[in-house]
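Participant: Dumping the structure here so I can ask a few things about it.
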Amino acid sequence: MSVATASHILEKLEFTRDLPTVPVVLMRLLRYMEKPLDQVDVAQIVNLISQDKSLAGHCLQVANSPLFGSSHEDEVVSIQASVMAVGVTRIQQIAVSCSLLRLMPTISFGLNPAVFWAHSLGCALVSREFATRIGYPDPAKAYVAGLLHDIGIVALLWVAPHDFRRCFEEASRHRIPLHEAEQRVLGITHCESGKIIAQNWHLSQELTDVIVGHHSPAIAPSSSVLTSIISVSDLLCRIGGLGYGYSEDKQTDFTEEPAFAILAAKYRALRPFDLARFTFETEGLLEEVRAVVSQVYGAH
Ligand SMILES: [Fe+2]
Ligand SMILES: [Fe+2]
């Protein structure tokens, strides 16, 4: 639509004071996660999560699900016990995922908040797994990047929920990717709104690059590998039925995706990589994401 709408939205994002601030817990967790594992103060993390009863409750639900591969047979009932059961890295990943729930609007403007959370969580898990398989050295970073890649959608929901609803309706009516509908209707996409949020929150340059470039990974050359991992994982989720709640008419040949070419040039493991098999294996993971999201949202 009009450029006026686009600049109005961006201006609101830059200057409106009543945007929800990043939850303190989320910000602290992101900082802790940047530290090497041997410098992580486990007690500090357990305290941080345990102080927030609702967050701790959600974390325990996720930690007790098969999603995080916990081998414990008995249900864990405290954050301390869950650290013992699944490890501190996993608990941080669970907690940062549950913190994202705080940022979601409670009502739907086309996009169902539970569906969005499932997409973000699914993308985080697929990104971590995909990163591990191809030999990317920091799968935990891929997890966080996958989780936050679409934070620009949350930003649009804050400042322009009714405009966002029009984008969502356009996308679902024409079965096109959401960012294409945003561009058509608003003249900007969630990549641009996400950039403002990433800068306001002082996210790392790499995370910012993923948020800006996950639909066009070639535009962030310095972080193009991480951005490409998230781009492929985002597509896998959308094709695997864990998108934004509507189906897209997208026949994807992954080998023709720019993100795939960027990764294939860097990682030997990807050249013979059996993407069809990985997609098949991912289906089980996405199914578990759906189960845990309906459990968490059911208890909301
Ligand atoms: Fe996106
Ligand atoms: Fe996405």
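Participant: Once you have the Cα-Cα distance between HIS162 and GLU283, take 0.36 nm times their residue separation minus that, and quote the gain in nm to one decimal.
Facilitator: In short, 40.3 nm is gained.
Participant: Under 25 Å Cα-Cα from LYS141, which lysines qualify once same-chain neighbours fewer than 8 residues away are excluded?
Facilitator: Cα-Cα hits under 25 Å: LYS35, LYS195, LYS266.
Participant: Taking Rh as the Kirkwood radius computed over C-alpha pairs, what is the Stokes-Einstein D of the range 109-231 at 25 °C in a medium of viscosity 0.890 mPa s, expressed in µm² per second?
Facilitator: 169
Participant: Over the Cα atoms of the range 228-298, each weighted equally, I'd like the Debye log10 I(q)/I(0) at q = 0.14, 0.19, 0.20, 0.23 Å⁻¹, rounded to two decimals.
Facilitator: -0.50, -0.83, -0.90, -1.09
Participant: Give the share of C-alpha pairs in each 10 angstrom bin for the range 138-188, from 0 to the last occupied bin, in whole percents, shortest bins first.
Facilitator: Bin by bin from 0 Å, the calculated values are 26, 43, 22, 9.
Participant: How are the Cα pair distances of the range 98-172 distributed, in percent, across 5 Å bins from 0?
Facilitator: In order of increasing distance, the bins hold 3, 17, 23, 20, 14, 11, 7, 4, 0 percent.
Participant: Could you work out the mean projected area of the convex hull around the alpha carbons of the range 143-300, in square nanometres to one decimal?
Facilitator: 10.0
Participant: Output needed for the range 117-158: three equivalent-ellipsoid semi-axes, defined as square roots of 5 times the C-alpha gyration tensor eigenvalues, in descending order, whole Å.
Facilitator: Working from the Cα gyration tensor, I get semi-axes of 23, 9, 6 Å.
Participant: Taking the alpha-carbon centroid of each part, what is the distance from the range 169-229 to the range 65-127 in angstrom?
Facilitator: 23
Participant: Report, in cubic angstrom per residue, the convex hull volume of the C-alpha atoms of the range 160-205.
Facilitator: Spread over its residues, the Cα hull of the range 160-205 gives 72 Å³ apiece.
Participant: Follow-up question, since we're still on this one. So how far apart, in nm, are the two label points at ASP74 and GLN295 if each is 7 Å from Cα heading toward Cβ?
Facilitator: The two pseudo-label positions are separated by 1.8 nm.
Participant: Right, here's the next one. When THR282, THR16 are ordered from fewest to most other Cβ atoms inside 10 Å of their Cβ, what list results?
Facilitator: THR16, THR282
Participant: I would also like to ask the following. Principal axis extents for the chain, Cα atoms only, whole Å, descending order, please.
Facilitator: 54, 49, 34
Participant: Mind checking the range 166-196 for trypsin sites (Lys or Arg not before Pro) that DSSP puts in a loop (not H, G, I, E or B) and that have at most 16 other Cβ atoms within 10 Å?
Facilitator: Hits after loop and neighbour filter: ARG175.
Participant: Starting from the Cα-Cα distance between GLU256 and LEU275, subtract it from 0.36 nm times their residue separation and give me the gain in nm to one decimal.
Facilitator: 5.6 nm
Participant: Jot down the per residue volume, in cubic angstrom and as a whole number, of the convex hull over the alpha-carbon atoms of the range 181-251.
Facilitator: Value for the range 181-251: 106 Å³ per residue.
Participant: Please report Rg over Rh for the range 5-130, where both radii come from the alpha carbon positions and Rh follows the Kirkwood definition.
Facilitator: Result for the range 5-130 is an Rg/Rh of 1.02.
Participant: Ratio of the range 34-100's C-alpha Rg to 2.2 N^0.38 Å, to two decimals?
Facilitator: 1.01
No value in this document is a laboratory result; all are computed from the given coordinates. Values in this document were obtained by computation on a predicted structure and should not be read as measured data. Methodologically, a virtual Cβ is constructed for each residue, glycine included, from the backbone with ideal geometry; neighbour enumeration extends over all protein chains shown.
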